[in-house]
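Notes to accompany the following structure.
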Amino acid sequence: IIIIQLLKHANLINLIEVFRRKRKLHLVFEYCELTVLDILEKYPKGVPDNLTKKIIWQTINAINFCHQHNCIHRDVKPENILLTKDCVVKLCDFGFARTLNPGENYTDYVATRWYRAPELLVGDTQYGPAVDVWAIGCVTAELQRGEALWPGKSDVDQLYLIRKTVGDLMPRHMTVFKTNEFFAGVTLPEPETHEPLESKIPKQIEESGMDFLRKCLDKDPQKRPICDLLLRHPYFINVKIPEIESTAEDTNHTKFRQRSKYGQSILPTLTSKSGTPDIRSVQLHSRTVNNNNNNINRNIGPIHQNSLDRNDNYGLIRTTRFEHLPNI
């Protein structure tokens with residue numbers, strides 16, 4: 001709650017109200033018509049390129065704002081990228097989000113498996129904003145393909161699929177894997193074939209789109225570009241971004257507060273700033289977090305086949321409302 005309250009941006013979901021009723025906290029967010037998963041369900045063979053660019057650019061814009069404020073999201077995936085009827089992206093679900101503070105302990109078991117960077121999969125405790133950049137690459141490829149790029153059934157299977165495309169892991173990551181107590185006695189299977197990234201992406205995707213993917217999906221987190229650079233990548237030249245309204249509270253939100261009778265309000269009146277913040281020239285990927293706690297309970301069993309939500313631990317029953325899909 002604290003993070004989403006502090007991070008106010010036009011491409012981040014706006015927290016309107018928090019109140020307590022019958023010993024339960026209730027969070028009220030702005031309404032969005034659909035998610036990127038709905039878009040994928042409409043276009044099973046791949047989302048039109050101009051719509052993909054609109055979605056990804058705004059998602060990067062949201063994550064860039066988080067990174068500038070020393071926060072990593074750590075769970076970027078289609079279900080967490082909401083869309084309004086005007087095709088404005090609203091990044092949501094900050095349950096895994098954390099601020100980067102020297103000396104604090106952080107778990108490496110974050111992010112949904114299909115979008116998890118290699119450093120997280122092997123259990124590396126030295127990671128930073130680059131894990132979000134990897135997830136951006138995975139979501140972009142999924143939009144282009146119409147299906148997940150690497151739909152692993154376990155952490156080991158996920159690493160196997162990634163290695164089939166990007167090659168051997170970084171020496172540091174292999175060392176972390178071999179010394180991770182959780183993987184004791186486990187050997188990474190060697191890929192029998194090589195599937196280059198180009199073979200997994202539709203041929204009609206322009207070269208700038210392939211270059212964008214290669215940069216985001218670099219196995220070396222230090223080589224993945226910061227979001228500020230990704231926003232200016234040639235892939236997004238001539239892309240038309242929807243006009244973004246102010247995220248400040250409007251009259252309706254104010255009236256909602258005034259007539260709320262559900263209990264004590266937890267938040268003060270929210271003040272917001274619209275638009276994109278000034279870009280800092282500091283590269284954040286060198287910042288890392290440390291976690292010395294290896295007693296982490298993981299679930300690397302098969303993904304529930306009937307779940308439309310790609311989360312490892314639970315499924316969601318969803319109803320797609322195609323009448324709300326944005327016009328291209």
Going through R163, R145, R214, R113 one at a time, which residue ends up being among the basic types (K, R) and modelled with pLDDT under 95? R113
Could you please find all residues in the stretch 171-189 being in contact with a helix residue (DSSP H, G or I) (Cβ under 8 Å, 6 or more places away or on another chain) and more than 11 Å from V122 (Cα to Cα)? V186, P189
Going by the structure shown, is L188 assigned to a helix (DSSP H, G or I), out of contact with any Lys or Arg (no Cβ under 6 Å at 6 or more places or on another chain), surrounded by 13 or more Cβ atoms within 10 Å (Cβ to Cβ) and assigned by TED's automatic domain parsing to the domain that holds L143? no
(1) outside the structural domain of V156 (by TED's automatic domain parsing); (2) modelled with pLDDT of 95 or more; (3) of a type in the set (A, V, I, L, M): which one isn't true of L91, the others all being true? (2)
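The values are calculated or read from the model by the stated rules, or taken from the named source; none is laboratory data. Because the structure is predicted, anything quoted here is derived from the model rather than measured. Counting neighbours? That spans all protein chains shown, and the Cβs are built from the backbone with ideal geometry, glycine included.
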